[in-house]
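Peer 1: This is the structure, below, for whatever I ask next.
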Amino acid sequence: MARQFLADVISDLSRFPKKLSSKYFYDEAGDKLFQQIMNCDEYYPTDCELEIFTSRTDELVAAFTNSTAPFDLIELGAGDATKSSFLLSALVAKGVDFKYIPIDISGTMINYLETSLPNRIPGLTVNGLKGDYFDMLDQAYMRSERRKVLLFLGGNLGNMPVADALGFCQRLHESMKPGDLLLLGFDLKKNPQIILAAYNDIGGLTRDFNLNLLKRVNRELDGNFVIENFQHYPSYDPETGACKSYLISLTDQEVVIAGNTFSFAKDEFIDMEISQKYSIAETDNMATDSGFVPVKHLLDSKGWFLDTIWEV
Ligand code: AVJ
């Protein structure tokens, strides 16, 4: 893990333009900052998707029980399953025959879900899998013949550039069987000011979230980034839907990480994160381009976030 982190950081800072991977944002401090971001006024996606899961639960249940065959409900990157727990409760209340299989790289999260969820939702069966999404998905298919319903929420697909997101969906399609369903969360294109504000909150949480990765490199990889020498620069391009965060070097400087020296020119940027925004039509095209049929669109009341259901 630390070796992979170091290898990625060295190769990402050796290329031009320099980048760092947002998948490394989530250490303990990063998890806390993301929690705070989700609670700040400007960051809307979590509230929008939560609204879909709390107020459109019956439609979700109906879509997933279109076949009466029992199924495995698999959630990729389940986290603490806040949103999906509303769906789980509704399925259990209806007496639907299903098993919940959260997949996460964090073993702590999986253990927590396996013990806490059946307590909160009596009658629920939870069989978590800890590891890489695709490895664990193959595991789930090997373990049982039941049909599968996959969840990938939170606009997490948005952290991939469009081409990578398409490749990801194509790989999911290869693993899945005819009739299986996939629910994906997409943050939608909307007024650019609203999007930019969500990634440039007044309280500076998103700034700190980005800078925290430099702190993590210092701590875990023996780095010497001077945090004050980097400036958060959020951007949103309404044409492409790419919402990107950069860190700008405020001075000519050298940074040493585990004995490797990296030179930063004044005004040079590090590409930190993409949060891609889509139109509904673009998500439909991504469905067909990866072999799926889009079968349902669920939007929040503002029309800002889409949970879409695709069938193999
Ligand atoms: C967790 C990937 C959905 O891209 O909106 C929040 C992460 N980055 N603020 C997003 C994030 C900056 C978030 N996702």
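Just so you know, all these numbers are worked out from the coordinates, no wet-lab data involved. Predicted model, so just to flag it, every value in this text is computed and none were measured. Note that each Cβ is placed from the backbone with ideal geometry, even for glycine, and that neighbours are counted across all protein chains shown.
Peer 1: When the Kirkwood radius is taken over all Cα pairs of the stretch 108-183, what Stokes-Einstein diffusion coefficient follows at 10 °C and 1.306 mPa s, in µm²/s?
Peer 2: On the way: Rh = 14.2 Å.
It diffuses with D of about 112 µm²/s by this estimate.
Peer 1: Among DSSP beta bridges whose residues both lie in the chain, state the antiparallel percentage, nearest 5.
Peer 2: Counting only bridges with both partners in the chain, antiparallel ones make up about 60 percent.
Peer 1: Sticking with this structure for a sec: Rounded to whole Å, give me the distance from the Cα center of the stretch 3-34 to that of the stretch 223-252.
Peer 2: 14 Å
Peer 1: Evaluate the Debye formula for the stretch 103-238 with equal point scatterers sitting on the alpha carbons, no solvent, and hand back log10 of I(q)/I(0) at q = 0.09, 0.11, 0.15, 0.20 Å⁻¹, in q order, two decimals.
Peer 2: At q = 0.09, 0.11, 0.15, 0.20 Å⁻¹ the computed log10 ratios are -0.44, -0.65, -1.06, -1.23.
Peer 1: Okay, next question. Provide the convex hull volume over Cα atoms per residue for the chain, in Å³. Working shown, then result.
Peer 2: On the way: hull volume 41.1 nm³, N = 312.
In the chain, the Cα convex hull volume per residue is 132 Å³.
Peer 1: Okay, moving on. For the stretch 159-248, count all C-alpha to C-alpha pairs, find those more than 19 Å apart, and express that count as a whole percent of the total. Don't jump to the answer; show the numbers that get you there.
Peer 2: Numbers: 2326 of 4005 pairs.
Value for the stretch 159-248 (Cα pairs over 19 Å): 58 percent.
Peer 1: How big is the Kirkwood radius of the stretch 82-121, worked out from every pair of different alpha carbons and given in Å to one decimal?
Peer 2: On the way: mean 1/r = 0.0918 Å⁻¹.
Kirkwood hydrodynamic radius for the stretch 82-121: 10.9 Å.
Peer 1: Quick one: compute a quarter of the convex hull surface over the Cα atoms of the stretch 201-282 and quote it in nm².
Peer 2: Numbers: hull surface 26.8 nm².
Spelled out: convex hull of the Cα atoms, projected over all directions, averaged, 6.7 nm².
Peer 1: Averaged over all directions, how much area does the convex hull of the C-alpha atoms of the stretch 152-304 cover when projected, in nm²? All intermediate terms of the calculation are to be shown ahead of the outcome.
Peer 2: Numbers: hull surface 45.3 nm².
Dividing the Cα hull surface by four gives the mean projection, 11.3 nm².
Peer 1: Using a cut-off of under 17 Å, list every residue of the stretch 138-155 whose amide N is near the label point 7 Å from the Cα of N127 along the Cα-to-beta-carbon line.
Peer 2: Within reach of a label on N127, which here means backbone N under 17 Å from a point 7 Å along Cα→Cβ, the stretch 138-155 contributes 138-151.
Peer 1: Calculate I(q)/I(0) for the stretch 1-74 by the Debye formula, one identical point scatterer on each C-alpha and no solvent, and give its log10 at q = 0.15, 0.24, 0.27 Å⁻¹ to two decimals.
Peer 2: -0.81, -1.05, -1.16
Peer 1: Another question about this same structure. Structure shown: which of K130/K215; K148/K277; K94/K296; K99/K130; K19/K266; K99/K302 lie over 23 Å apart, alpha-carbon to alpha-carbon?
Peer 2: Numbers: K130/K215 27 Å; K148/K277 27 Å; K94/K296 21 Å; K99/K130 16 Å; K19/K266 16 Å; K99/K302 32 Å.
From K130/K215; K148/K277; K94/K296; K99/K130; K19/K266; K99/K302, over 23 Å: K130/K215; K148/K277; K99/K302.
Peer 1: Here is a further query. Just check the stretch 80-152 against the gyration tensor rule for me: Cα atoms, a ≥ b ≥ c as the square roots of the eigenvalues, rounded for a/c under 1.5, and otherwise prolate or oblate depending on whether a/b exceeds b/c. Walk me through the numbers before you get to the answer.
Peer 2: Numbers: a/c = 1.93, a/b = 1.24, b/c = 1.55.
Cα axes put the stretch 80-152 in the oblate bin.
Peer 1: For the stretch 4-132, state the average projected area of the convex hull of the C-alpha atoms over all orientations, rounded to one decimal in nm².
Peer 2: On the way: hull surface 40.7 nm².
Average projection, Cα convex hull of the stretch 4-132: 10.2 nm².
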